[in-house]
Amino acid sequence: MAGAALKLALLYVIIMYVDQSLLSWQCLTRPIVIAPLAGLVVGDFHTGIVMGASLEAAFMGISAIGGAVAADATVASIIAVAYAVLTNAGIEEGIAISVPIGTLMASISAMFTPLWAGFAAFFEKLAAECNPKKFLITNLLIGFVQLSINATILFLAVAFGIDGLQNFLGSMPAWVMTGLGAASGMMLAVG
């Protein structure tokens, strides 16, 4: 699993860099794009396509506006596809775990917001000094640190968390799993 986790973390870094630096917000990071790529990386492109369409419907209305902390659909899609493919779980189970994973990842990312906000005075000083080169370099370094934290969490979740998640879900009674399947079907309608 560590090899797949490393590939998925690298996919995340590349997609986030290209999307945020070269394109614009929410182009490549949507589940409809990232889930098939994650499926391709872990060896099941078909599952990635099906889950990408389903997860896009579930996460369609989620957008971080103002100070709202939206679920991280990108990381959730990658982990959900990895879980469904690497454990041979059903697509329904992968979809059912995606929203809690996305919410947890968004909460973890939000914990770092005060740290990044602490750089505001420094950026104001750079702007007042009219030092765009130092401003850009500092901004890129902070972005790299932020991206590295998320990629590390993603790597650890896939490399070490998927087996634990499979064991946990495997110990659930059949009626709970049936409920999760029904909930994943409702998420598509509610999304």
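The values are calculated or read from the model by the stated rules, or taken from the named source; none is laboratory data. Bear in mind that the values here come from a model prediction, so they are computed numbers and not experimental data. Note that we place each Cβ from the backbone using ideal geometry, even for glycine, and neighbour counts take in every protein chain shown. Surface accessibility is based on the protein's heavy atoms, side chains included, excluding ligands, DNA and RNA. Shrake-Rupley method; radii C 1.70, N 1.55, O 1.52, S 1.80 Å.
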* If you roll a 1.4 Å probe over the range 77-162 with all protein chains in place, what percent of the accessible area is carbon or sulfur? -> 72 percent
* Where the range 1-155 is the region considered: accessible area per residue in Å², 1.4 Å probe -> 51 Å²
* To do: With a 1.4 Å probe and all protein chains in place, put Cys130, Cys27 in order of accessible area, largest first.
  => Cys130, Cys27
* To do: Please check which bits of the range 139-153 a label hung off Glu129 would reach, taking the label as a point 7 Å along Cα-to-C-beta and the cut-off as backbone N under 14 Å.
  => 139
* For Thr113, solvent-accessible area (1.4 Å; no DNA, RNA or ligand), Å² -> 80 Å²
* To do: Please give the solvent-accessible surface of Asp163 in Å², to the nearest 10, using a probe radius of 1.4 Å with every protein chain present.
  => 70 Å²
* Asked: Once Rh is set to the Kirkwood radius over Cα pairs, what Stokes-Einstein translational diffusion coefficient, in µm²/s, holds for the range 1-111 at a temperature of 10 °C and a viscosity of 1.306 mPa s?
  -> 116 µm²/s
* Asked: Can you give the accessible area of Leu37, probe radius 1.4 Å, in Å² rounded to 10?
  -> 60 Å²
